[in-house]
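The values are calculated or read from the model by the stated rules, or taken from the named source; none is laboratory data. None of the values given here were measured: they were computed from a predicted structure. Glycine gets a Cβ as well: all are built from the backbone with ideal geometry, and neighbour counts include every protein chain shown.
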Amino acid sequence: MNDTYDYDSKYSKRGYYIEANNNSDSMIVIIAMGSKKSEGYSIKIKNIEITNENSLARIDVEETSPGDEQIVNGNIIYPCVKIKFSKKVKNFLIVNRETAETFTEVKDDNIAI
């Protein structure tokens, strides 16, 4: 599990992206908040549970945003977190643990590792 703060515009949509390595059983999942108009946003992994022999990974995340009185730069950012799994997982349930909002998969043919 690796928390990151990524500014790559290929993660401009809110959701999760799957990077599969065809030469290995490993895979990377990127959970993205989408495009934000200022700094001060972040996303963190709070819990991961893998069940039923890698058929489902439930990932709880925490998203934060800048406070009303916080001074932030007006740069466009793309906050996300990347997780590397040593084995391929078939299904994902990614949930914001405070709002119960779920993330859906973003299909992007241009992402590969």
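Odds and ends about this structure:
- Filtered by the rule that a residue be among the polar types (S, T, N, Q) and touching a Phe, Trp or Tyr at 6+ places or on another chain (Cβ under 8 Å), the range 36-53 gives a lone residue, S42.
- Selection from the range 19-34 of residues that are within 17 Å of Y78 (Cβ to Cβ) and either buried (at least 19 other Cβ atoms within 10 Å of the Cβ) or modelled with pLDDT of 90 or more (or both): I28, V29, I30, I31, A32, M33, G34
- The listed residue being of a type in the set (V, I, T), more than 17 Å from K107 (Cβ to Cβ) and in contact with a strand residue (DSSP E or B) (Cβ under 8 Å, 6 or more places away or on another chain), out of V89, V81: V81
- Applying the set (1) over 21 Å from K13 (Cα atoms); (2) in contact with a Leu (Cβ under 8 Å, 6 or more places away or on another chain) to V72 leaves exactly one unmet item: (2).
- Residue pairs whose Cβ atoms lie under 6 Å apart, sitting 6 or more positions apart in sequence or on different chains, and linking a residue in the range 38-62 that is more than 12 Å from N96 (Cα to Cα) to a partner that is acidic (D, E) and modelled with pLDDT of 95 or more, do not occur here.
- Taking the listed residues I31, I71, I83, the one that is free of Cβ contacts under 8 Å to residues at least 24 places away in the same chain and either of a type in the set (V, I, T) or touching a helix residue (DSSP H, G or I) at 6+ places or on another chain (Cβ under 9 Å) (or both) is I71, with no other qualifying.
- Within the range 50-64, tally of residues that are surrounded by 14 or more Cβ atoms within 10 Å (Cβ to Cβ) and either touching a helix residue (DSSP H, G or I) at 6+ places or on another chain (Cβ under 9 Å) or not charged (D, E, K, R) (or both): 6
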